[in-house]
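Let me begin by presenting the structure, written as structure tokens, before commenting on it.
Every read-out reported here was derived from the displayed coordinates using simple, explicitly stated rules and does not represent laboratory data. Note that the structure is a prediction, hence the values are computed from the model and not measured. Virtual Cβ from ideal backbone geometry, glycine too; neighbours counted across all protein chains shown.
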Amino acid sequence: MPPDLTVQLAPKNKKGLFLDNPVMTASGTFGYGTEYSQLFDIQRLGAIICKGTTLKPREGNPQPRLVETASGVINSIGLQNIGVKALIKEKAPVWAGWRVPVIVNIAGDTVEEYGKLAQELDGVEGIRGIEVNISCPNVKAGGAAFGADAKSAAAVTKAVRAATSLPVMVKLTPNAGDIVGVARAVVDAGADAVSLINSVKGMAIDIKTRRPTIGNVTGGLSGPAIKPLALALVYEVAGAVKVPVIGCGGIANAQDALEFIMAGASAIQVGSATYSNPRASLDVLEGIERFMEKEGIKKLGEIIGAARK
Ligand code: DHB
């Protein structure tokens, strides 16, 4: 018998969010999924989370938007995306024919915009859940400003919860003073799950031009550099809330993923690792399966939070 990797990420939601396995692709690192379908069998993944989506299409921030650092990458895309209408018209019908569930990441400038986005997505075939992005470090209004504070994070969650019956997970920022307080607040406001962490504010300077390397001056740091930080925050949040926690931050292989799972994550997201290895998410999944077989672990639930006991 192969090990059972299934996981329910929205146990309190009527529709639920049942995944065949805990491996997701992180928002912004996997496009709309369609871009990768030629490269490997994306239907084997637990879920795909699409690029952050706003009400209106966005062109994003000035170039340069991406810079490599010693053990990670800084990006400042500025939520470039096709907008929710085009997403519903062009992408959702494709997703409706997929086995792998697709979750739409949403971002707004105001609480009302988050509510409107959720309303637009409610009931659309091919969309299985919403990830609320209150953690984008690269936009002036909204974004991480909402996620930095428990009150505003709760207000956004409430607006989304009221507008949709879809499973709702809220993606948290490490750039918050009290991420545990924010997690508690969004759960109280109706979040079915929380995902963490989004990228960490970072910067690089080109000493020849004496200017910031990133067009928008600062960006979001992701990759191996943030893994230990993300792991500690997942451990703390998982100890504080009763909903499923989805771990994210520097996961590049099965060892990384298993650490997050043992810290208390019910599922994980593979992000910028996909840039250097487009099939990193599938490699992570296969590595988890191999580990479970070798260790005689029959169900994923046996190791979720194992490091906490
Ligand atoms: C962007 C959004 C994010 O949530 C993030 O972590 C990094 C970048 C962006 O679109 O700029």
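Of the residues 177, 153, 202, the one whose Cα sits farthest towards the positive end of the charge dipole of segment 150-210 is 202 (charges of +1 on Lys and Arg Cβ, -1 on Asp and Glu Cβ, taken about the Cα centre).
Can you tally the net charge around residue 74? Count Lys and Arg as +1, Asp and Glu as -1, for every other residue whose Cβ sits under 10 Å from the Cβ of residue 74.
Around residue 74, the charge tally is +1.
Ignoring aspartates and glutamates fewer than eight residues from residue 208 along the same chain, the ones with Cα atoms less than 17 angstrom from its Cα are 68. Calculated mean residue ellipticity, 222 nm, the chain: -8000 deg cm²/dmol, from DSSP H runs (n ≥ 4) at -39500 (n - 2.57) each, averaged per residue and rounded to 500. Seen from residue 240, the other residues with C-beta closer than 11 Å to its C-beta sum to a net charge of 0, counting Lys and Arg as +1 and Asp and Glu as -1.
Positive-end ranking of 281, 216, 271 along the dipole of segment 186-286, with charges on Cβ about the Cα centre, is headed by 216.
Near residue 223, once Lys and Arg are set to +1 and Asp and Glu to -1 for all other residues with Cβ below 15 Å from its Cβ, the sum equals 0. For the residue pairs 15/171; 91/227; 89/116, alpha carbon separations beyond 25 Å are given by 91/227.
Rounded, prolate or oblate: which fits the chain when a ≥ b ≥ c are the square roots of the eigenvalues of the alpha-carbon gyration tensor, with rounded for a/c under 1.5 and prolate only if a/b beats b/c? Judged from the Cα gyration tensor, the chain comes out rounded (a/c under 1.5). Amide H contacts of residue 28 (H built 1.01 Å from N, in plane; Pro and chain starts excluded): 51, 52 sit under 5 Å, all sequence-distant by 5 or more or on other chains. Pull out a ≥ b ≥ c, the square roots of the eigenvalues of the alpha-carbon gyration tensor of segment 158-294, then state rounded if a/c is under 1.5, prolate if not and a/b is larger than b/c, and oblate in the remaining case. Since a/c reaches 1.5 but b/c is at least a/b, the shape of segment 158-294 is classed as oblate. Give a quick list of trypsin sites (Lys or Arg not before Pro) in segment 52-131 that DSSP marks as loop, anything other than H, G, I, E or B, with at most 11 other Cβ atoms within 10 Å. Answer by residue number: 99. Judged by the mean number of other Cβ atoms found within 10 Å, the most tightly packed of the peptides 13-23, 172-182 leads the ranking 172-182, 13-23.
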